[in-house]
Amino acid sequence: MKNLLYQWDTDALPSVFDSVVAYDGGADHVIPYGGVTPDRVGPLVEGAIFTRGPKDKRHTAIFVGGSDLSAGAALFKAVQERFFGKFRVSLMLDSNGANTTAAACVALLSSGRSLAGMTATVLAGTGPVGQRAAVMLAREGVSVTLTGRQMEKTRTVCDALERQFDVRLDAVAAPDSDSRAKAVVSANIIISTGAAGVVLLEERHWSGLPKLQLVADANATPPAGIEGVDMMDRGTQRHGALVFGAIGFGTLKLALHRACVGKLFQQNDLVLDATEIYAIAKEMVVQSQGGKS
Ligand SMILES: NC(=O)c1ccc[n+]([C@@H]2O[C@H](COP(=O)([O-])OP(=O)(O)OC[C@H]3O[C@@H](n4cnc5c(N)ncnc54)[C@H](OP(=O)(O)O)[C@@H]3O)[C@@H](O)[C@H]2O)c1
């Protein structure tokens, strides 16, 4: 029985990245669909759930992706609403790599230490990766400030995350270098999740911060989102903090993405979103350290 992964993308052109990782994660065949919306997904779900018998259903799985996390989350919900009884297949949400990227980053930051009680600033956290990183940090007991250039958009994003994940987030408008410097001044953790190639924080603004312990920059397209971070950094000591660059934690992101796809084919009722993917990331970090947390 072949492992079939239906890749349902909310963008018109389905992500090539997600297709490649799906094959590397254990799919025998990846079937990408673009422009999938909640109102058009019904017949697609029926095709996935009605075609294989109970013991073979696990060989069919669904991956929801695309660049828009809100659209992906709505599609993810619509797919689940079509499942009933044993008529379901495993399902994963990772729009723009949001869950796997954020989970890899936060799992490495929390490796070997408790983050509870710390303060974090997620710079440009209104995008898919920042939103999920903020939620994962908050769930670890961190007081999280999420910044964006406009207050209204940033507050709207935080409100939606608070409702969906039962967390508390502080929204701060930080449209320029000075306001972003102010937003990180008392942070123990800084994560930068801005658009590719955009510098958000100058090195002089974080190099002397007395409370800073952990820094991560998700941007893999030069120049770095946080000046002074090397994209290969993986727990590198810089200015008294442990620093992770985009490739430094991107290796775990890729391994995690593949592992999640592999898990989809082990059962027919797995649902992988932020909580589950973060738990898998933490487990992988522990395993990579010989089982010691
Ligand atoms: N390392 C990895 O494995 C990995 C994997 C996936 C993605 N990534 C990277 O992770 C980062 C975040 O991804 P994403 O999809 O969440 O990003 P995104 O949606 O493209 O951008 C995130 C936020 O950046 C802000 N922004 C956009 N242009 C800006 C500008 N000129 N100046 C200041 N802020 C600006 C926007 O916030 P406001 O409009 O609210 O200001 C936006 O919501 C990207 O750099 C992406 O390439 C890394």
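The values are calculated or read from the model by the stated rules, or taken from the named source; none is laboratory data. These figures come from a predicted structure and were not determined experimentally. Backbone-built Cβ (ideal geometry, glycine too); neighbour counts: all protein chains shown.
For Val36, the criteria (1) in the same structural domain as Ile277 (by TED's automatic domain parsing); (2) surrounded by fewer than 17 Cβ atoms within 10 Å (Cβ to Cβ); (3) within 21 Å of the chain's Cα centre (by Cα); (4) assigned to a loop (DSSP other than H, G, I, E, B) hold in every case but one, which is (2). Scanning region 152-184 for residues that are within 21 Å of Asp273 (Cα to Cα), more than 9 Å from the ligand (Cβ to nearest atom) and touching a helix residue (DSSP H, G or I) at 6+ places or on another chain (Cβ under 7 Å) gives Leu161, Phe165, Val167, Arg168, Leu169.
The set of residues in region 23-38 that are in contact (Cβ under 8 Å) with a residue 24 or more places away in the chain and not hydrophobic (A, V, I, L, M, F, W, C) comprises Asp24, Gly25, Gly26, Asp28, His29, Pro32, Tyr33, Gly34, Gly35, Thr37, Pro38. What about Val36, is it among the hydrophobic types (A, V, I, L, M, F, W, C) and more than 16 Å from the ligand (Cβ to nearest atom)? Spelling it out, Val36 is indeed among the hydrophobic types (A, V, I, L, M, F, W, C) and more than 16 Å from the ligand (Cβ to nearest atom).
Conditions tested, residue by residue: (1) basic (Lys, Arg); (2) crowded, with 18+ Cβ neighbours inside 10 Å.
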{"site": "Arg238", "(1), (2)": "yes, no"}
{"site": "Leu242", "(1), (2)": "no, yes"}
{"site": "Gly248", "(1), (2)": "no, yes"}
{"site": "Gly262", "(1), (2)": "no, no"}
{"site": "Glu276", "(1), (2)": "no, no"}
{"site": "Val286", "(1), (2)": "no, no"}
{"site": "Gly290", "(1), (2)": "no, no"}
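Checking Arg113, Arg132 one by one, the residue that is charged (D, E, K, R) and over 25 Å from Gly290 (Cβ atoms) is Arg132 and no other. Evaluating Leu44 against the criteria (1) under 21 Å from the mean Cα position of the chain (by Cα); (2) at negative phi leaves one unmet condition, (1). Filtering region 29-69 to residues that are touching a Lys or Arg at 6+ places or on another chain (Cβ under 8 Å), among the β-branched types (Val, Ile, Thr) and under 28 Å from Thr101 (Cα atoms) leaves Val41, Val45, Thr60.
Which residue pairs have Cβ atoms closer than 6 Å, lie 6 or more positions apart in sequence or on different chains, and pair a first residue in region 124-138 that is of a type in the set (D, E, K, R) with a second residue that is more than 13 Å from the ligand (Cβ to nearest atom)? Qualifying pairs under 6 Å: Arg132/Ala274. In this structure, Val64 does satisfy being in contact with an Asp or Glu (Cβ under 8 Å, 6 or more places away or on another chain) and buried (at least 17 other Cβ atoms within 10 Å of the Cβ).
Counted as qualifying within region 57-151 are the strands (runs of 3 or more DSSP E) with 2 or more residues that are within 16 Å of the ligand (Cβ to nearest atom) and more than 14 Å from the chain's Cα centre (by Cα), namely 119-123, 143-148. Residue count for region 192-205, restricted to those that are surrounded by fewer than 23 Cβ atoms within 10 Å (Cβ to Cβ) and within 12 Å of the ligand (Cβ to nearest atom): 5.
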